[in-house]
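Shown next, in structure tokens, is the structure this report addresses.
The values are calculated or read from the model by the stated rules, or taken from the named source; none is laboratory data. Fair warning: this is a prediction, and the values are worked out from it, not measured in the lab. Neighbour counts run over all protein chains shown; Cβ positions are idealised from the backbone, glycine included. Accessible surface areas use protein heavy atoms only, side chains included; no ligands, DNA or RNA. Shrake-Rupley method; radii C 1.70, N 1.55, O 1.52, S 1.80 Å.
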Amino acid sequence: MRYTYAEAMTNPDYYIPLAQAAEAAGFHSITIADSIAYPAESDSKYPYTPDGNREFLEDKPFIETFVLSAAIAAATTTLRLTPFVLKLPIRPPVLVAKQASSLARLSNNRFALGVGISPWPEDFDIMGVPFERRGKRLDECIEIVKGLSTGEYFEYHGEFYDIQKIKMTPAPTKPLPILVGGHSDAALRRAVRLTDGWMHAGGNAEDLDKYLARINELRSERDNPGEFEIHAVSYDAYTPDGVKRVEEKGITDVIVGFRNSYAKEHDTESLEDKIKKINWYGENVIAKVS
């Protein structure tokens, strides 16, 4: 089992010491949140809150995903950086491939690119990208990032992107892991079909079991399923026995946080209290499971 520390929308000055504390406590990775901008007006619903409310995001601080990943990579030695998740189809995929490859190379392959579709049409509008057929656009983006991150010549001719034969160097010295986030059946199928793993965004245990069963079904249909990462949020992750239960279900990485990121209130918890919780988890769960 691997352990991922989740923190977002907190004081930007906290990220480096929190990442260092998580690394020292035995965590394997840290999530990096992604948000471009907050629109003043929107009818959009957030898919992971009970009522679809998005107001918890207003005025919350977000450091740009690749910038924060690079800063944490420079301040740590073993901690993996995992965007959770990068809104890939609103971005130019060739540029993302360059950013991800560069970060993976400089961090000694400690970068795994978690990707997904933004639920906000406004994100697409402000980036000049059509909201329609966003799923197919994401598929093409993933294929392009995968192809260009190898360091070999690559060309692509799809519905949305037409890229001449090009090469990007330096490339990571190991294949760049790409993971897909999302709970829809399309997201699960995309994860199994195109990438190296799936990222769960939380919810009740019964739904998680359904997602895991569907992933197993999809993987069984492949001739060579290969290795597949499953990153999941679960209350079981907070006890040694619970960790063993989720591991038996095929979960490879548990995502662990210590506060409600969907709260409307700003995070006022001190850095010292956050580090105490990280250390508690390291001593009472990670060390005991290991």
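Assorted remarks:
- Simple label model, 7 Å out from Cα along Cβ direction - Thr169 to Ala40, nm: 5.0 nm
- Computed over the chain, the per-residue total of -39500 (n - 2.57) for DSSP H runs of n ≥ 4 gives a 222 nm mean residue ellipticity of -11000 deg cm²/dmol, rounded to 500.
- In the assembled protein chains, Lys167 presents an accessible area of approximately 90 Å² (probe radius 1.4 Å).
- The chain: antiparallel DSSP beta bridges as a percent of all, rounded to 5: 10 percent
- For Gly197, nonlocal amide neighbours, meaning residues 5 or more places apart or on other chains whose placed amide H falls under 5 Å from its own, are Val180, Glu229.
- With θ taken as phi - 60° and the Karplus curve 6.51 cos²θ - 1.76 cosθ + 1.60 applied, the whole-hertz 3J(HN,Hα) list for region 121-126 is x, 4, 4, 5, 4, 6 Hz, x standing for glycine and proline.
- Residue by residue, region 79-86 carries 3J(HN,Hα) couplings of 5, 8, 9, 9, x, 9, 10, 6 Hz when phi is fed to the Karplus relation 6.51 cos²θ - 1.76 cosθ + 1.60 (θ = phi - 60°); x denotes Gly or Pro.
- Compactness of region 128-173, expressed as Rg and Dmax over alpha-carbon positions, Å: 11.8, 36
- Amide H to amide H distances under 5 Å link Gly257 with Ala6, where only residues 5 or more positions off or on other chains count and H is placed in the peptide plane.
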